[in-house]
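To start, the structure itself, in C-alpha cells.
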Amino acid sequence: MPFNLRGDDVCQPTPPTPLPNPYWVAFSPSVARLIDVELGVDGLPKDPAWLDVLAGNQLNAGEHTFLNPISTVYSGHQFGSWAGQLGDGRAILLGDINHLELQLKGAGRTHYSRMGDGRAVLRSSIREFLCSEAMHALGIPTSRALAIVGSKQGVRRETMETAAVCSRVAPSFIRVGHFEHFASLQNIVRLQELADLLIAEFYPECRAKKDPYLNLFKEISARNAKLVAQWQSVGFCHGVMNSDNISALGLTIDYGPFGFLDHFEIDHICNHSDHGGRYAYHRQPQIMHWNMACLASAMLPLLELDHSAEDSQNLLRSTLEEFPVIYVTEWQQIFRSKLGLQSKGDGDTGLIEHLLQAMNDSRVDFTNFFRSLSDVKKNSKPTEIFLRNEFVDRENIDQWFADYINRLQSETSSDEARKGLMDQVNPKYILRNHLAQVAIEKAQQDDFTEVERLHQILMNPFDEQEAFEHYSKPPPVDMHRIAVSCSS
Ligand code: AMP
Ligand code: MG
C-alpha cells in the first residue's frame, strides 16, 4: 500500500545511488507476477530497464514510474536497550504496485544511514533473497524478494566484498519502531496517522470496534504471537529481534544473521554478535512478547485519547497478557500437526515437550526427524523404529515412541492419510546455513547457478525431489558451525 504519510519528520525523498554495471544474480518470477512485471521466456523481465530500476540506476520501466522514492524514519530497542533514532539506513521505498511496496535494500546512503554506507553485500543479499522465498514457500508470513542485482563495486566489511541490491516486496514495511519513534517524540498526531493507515488498509475490522486502537494493538500482537509459533515449528531463528525489525503486519522482515536449526539445540544462538543469547531459539517467543510490550507502551497515548491514563494502561496490559495464551495455543496446534495428531489430547503438550527434550539431549536433526516421523505406523514397535538410532538414551526414546504410538491409536485416520498430512507440514528442505554458504561462495566466483538451484528446491520444501535428496541432509561435520555476524 502507499506509505502515504509525508513530511520531513516522517520520511525523506531518497533517490537511489547508481550501481555500476549491474547484472542479475537471482530473480523470482512469482514475485514479479505479483507486481505485474512482464516476463520473457527466460523468466526475466521482458523490459531490460528493470535491471537498471532494481539496481537503482533509473526510476522507470514500462508503464511503471517511481516518482517519489523515499526512506522512512523509525527508532527502536536494540538488544533490549533504547537505541533512539534509526530509520531506513539502506532501504529505499521506490513505490507501490498492486498495493505492494517495492523496496531496494542496499541502494545507497539515505538520510538515516548514520555511519553506514547504505550498501549491502552479495553474501547477505543472497541470504535474504533465499530465506524470504523459502519462508513464503513454508507458509510463513514474510516480506518477499523480487531480485538480486550484483555489481563489481567494492564494499568494505571485515574484508572487501562486492555490492548487491536485494529488492523486497511487502504490503507494508511498517515496524514497531515506527510507533516507538513518534511515541518517543510525543507526537500523537503522527502516531494516530500511523495507526489509522494500518487500520484502513490491513486491519479494517478494528475500525468498526469500540476501541479501534486497542484492537489494532490486539491484532498486531496476535499476528506476531502466531508468527513466532511458526518460526519455532520450522526451527527458524531470526537472530536480531530488535523492535525495529518487528513488523506491524506480523511478517518476518529484515533477514540478517538468521539461521535454521540443523540438530535440535533449544538454546541455539545463530547470531555471532549475540553474546548473551538474547535471541536464542528458545527465547524468541518471550522476546516477541517483550517487543509487543514496546509497542503497547508506544501506543499508550492513542488509548489516552479516549480513556484515563490508568484505564489505558490496564487495557493494554490485559491485552498484552493474551500474547502467551495465543502463542501457546498456536504452538500446540502446529506441533500437534507435526506429530500427525488431528484431535486434541490432554497429554499432548507433555508428549511434545518430552520429544523436544530428547531431541535436544541427543542433538537430533530437527527437520529430518519430523519428516521421517510420518513413516511410523500405528502398529510399529518402538524398538524397530529406525529413528530411535538417532538418540543416545534408547530407553527414553522407546518410551516416547510407545506413548506416541498409543496416542496415534486413539486417532481415527489411517497411516497413509496421516503421512500425507504430515508431509505437508514437516518440510523436507530448509535453507540450511551450509547450503546457503556453498551458493554464496560460488556466486562470489560469478557462478549463480547454485543460488538458482537452491531457490528452486526451496520453493517446494514439502515435495520429495529425488534429484536433490542430498540437499535435505545435515551439514558435513566441518560445516556445522558457520558463524553469521551482523555485518551485512
Ligand atoms: P538491522 O539490524 O540490519 O536491521 O539494522 C539496524 C539499523 O542499521 C537500521 O537502521 C539499518 O538501516 C541500519 N544499517 C544497517 N546496515 C547499514 C548500512 N550498510 N548502511 C546504512 N545503514 C545501515
Ligand atoms: Mg532492520
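Quantify how much of the Cα-Cα distance distribution of the chain extends past 29 Å, in percent. Roughly 52 percent, once rounded to a whole number. Stretching THR449 away from GLU205 to a fully extended chain increases their span by 83.3 nm, per 0.36 nm per residue minus the current alpha-carbon distance. Converting phi to 3J(HN,Hα) with the Karplus coefficients 6.51, -1.76 and 1.60 and the offset θ = phi - 60°, region 259-272 yields x, 9, 5, 8, 6, 7, 9, 4, 9, 4, 10, 8, 9, 4 Hz in sequence order, with x at every glycine or proline. Of the residues VAL155, ILE126, LEU138, the one whose Cα sits farthest toward the positive end of the charge dipole of region 114-165, with +1 on the Cβ of Lys and Arg and -1 on the Cβ of Asp and Glu, is VAL155.
Here the chain is assigned +1 on the Cβ of each Lys and Arg and -1 on the Cβ of each Asp and Glu. Its dipole about the Cα centre then comes out at about 380 debye. A probe of 1.4 angstrom, applied to the heavy atoms of all protein chains, finds ILE92 with accessible area near 0 square angstrom. Estimated from helical segments only, the mean residue ellipticity of the chain at 222 nm is -12500 deg cm²/dmol, where each DSSP H run of four or more residues counts as -39500 (n - 2.57). The string of couplings for region 126-140 from the Karplus curve (6.51, -1.76, 1.60, θ = phi - 60°) is 5, 4, 5, 4, 5, 6, 4, 6, 5, 5, 4, 5, 7, x, 9 Hz, one whole number per residue in order, with x for Gly and Pro. For region 160-225, the set of trypsin sites (Lys or Arg not before Pro) satisfying both a DSSP loop assignment and a count of at most 11 other C-beta atoms within 10 Å is given as LYS210. Each peptide in 54-65, 226-237 receives the mean, over its residues, of other Cβ atoms within 10 Å, and ordering these scores from highest gives 226-237, 54-65.
Annotation: amide H-H contacts under 5 Å for PHE462 (H modelled 1.01 Å from N, sequence separation of 5 or more, or interchain): LYS428. Farthest toward the positive end of the dipole of the chain, out of THR72, TRP290, PHE236, is the Cα of THR72, where the dipole comes from beta carbon charges about the Cα centre.
Suppose R0 equals 60 Å; then what is the FRET efficiency for ASN389 and VAL189 from their Cβ-Cβ distance, rounded to the nearest 0.05?
The pair ASN389/VAL189 has a calculated efficiency of 0.40.
The values are calculated or read from the model by the stated rules, or taken from the named source; none is laboratory data. Keep in mind that this is a model prediction, so the values were computed, not measured. All Cβ positions, even for glycine, are placed from backbone atoms using ideal geometry, and neighbour counts span all protein chains on display. Accessible surface areas use protein heavy atoms only, side chains included; no ligands, DNA or RNA. Shrake-Rupley method; radii C 1.70, N 1.55, O 1.52, S 1.80 Å.
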